[in-house]
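Working notes, beginning with the structure itself.
Just so it is clear, none of the values below were taken in a lab; they were calculated from the coordinates. All of these numbers come straight from a predicted model, not from anything done at the bench. As a convention, Cβ positions derive from the backbone with ideal geometry for all residues, glycine included, and neighbour counts pool all protein chains shown.
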Amino acid sequence: MTAGPRNDRRGAHPRHALEPLFNSVVRFSVAAALSQAEKAEFAFVRDLVEVTDSALSKQVAALEEAGLVAVEKGRVGRRPRTWLTLTAEGRAAYARHLAALRAIAAGAAP
């Protein structure tokens, strides 16, 4: 690739499609884990991503506030449980983020 004069196509670089919330490796890892299932139990995601309860809770709260993850609380027997789901918007954002990463890694030029 050669550097040339700046063109008028602002925003054409694939990095503009990256989801800023996924810049956190923990949030990105949570989205990746949830993209593989309809829903997952909080403890499963915590163990898979290898973070503490409080760290996962903080990151999930940010994703939930943005509408990318849904949190469902319930019980299994007498034990409280929390399930996480990547929303339709979250799945779309994750897919766009992955596509942008792939385009950047491939050296895609605008």
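For the range 11-23, backbone phi angles converted through the Karplus equation (6.51, -1.76, 1.60; θ = phi - 60°) give residue-by-residue couplings of x, 7, 5, x, 4, 5, 8, 5, 8, x, 5, 7, 5 Hz, Gly and Pro being listed as x.
When shorter helices are ignored and each DSSP H run of at least 4 residues is given -39500 (n - 2.57), the per-residue value for the chain at 222 nm works out to -14500 deg cm²/dmol.
Largest mean-square fluctuation among ARG46, ARG27, ARG78, in a Gaussian network model of the chain whose springs join Cα atoms under 10 Å apart, belongs to ARG78. Listed values for the range 87-95 are Karplus-derived 3J(HN,Hα) couplings in whole Hz (6.51 cos²θ - 1.76 cosθ + 1.60, θ = phi - 60°), namely 5, 4, 5, x, 5, 5, 5, 5, 4, and x replaces Gly and Pro. Each of LEU34, LEU21 was scored by other Cβ atoms within 10 Å of its Cβ. Listed from fewest to most, they are LEU21, LEU34.
Residues whose amide H falls under 5 Å from that of THR87, counting only those 5 or more places apart or on a different chain, are VAL69, ALA70, with hydrogens built in the peptide plane. Straightening the chain between ALA88 and LYS58 buys 8.7 nm, computed as 0.36 nm per residue apart minus the Cα-Cα spacing.
Taking θ as phi - 60° and the Karplus parameters 6.51, -1.76 and 1.60, the scalar couplings of the range 45-50 work out to 5, 4, 5, 5, 7, 6 Hz in sequence order, x denoting glycine and proline. Loop-located GluC sites (Glu not before Pro) in the range 17-110 (DSSP state other than H, G, I, E, B) with a sparse environment of at most 12 neighbouring Cβ atoms within 10 Å: GLU38, GLU50. Between GLY11, GLY90, GLY77, the GNM of the chain built on Cα springs shorter than 10 angstrom shows GLY77 fluctuating the most. Between GLU65 and HIS16, the modelled label-to-label distance comes to 2.7 nm, taking each label 7 Å out from Cα in the direction of the beta carbon.
Computed from the C-beta positions of ILE104 and LYS73, the FRET efficiency with R₀ = 35 Å rounds to 0.40. Taking amide hydrogens as placed 1.01 Å from N in the peptide plane, the amide H of ARG81 sits under 5 Å from those of GLY74, ARG75, VAL76, each at least 5 positions away in sequence or on another chain.
Scanning residues 5 or more positions from LEU18 or on other chains, none has an amide H under 5 Å from its amide H, with H placed 1.01 Å from N in the peptide plane.
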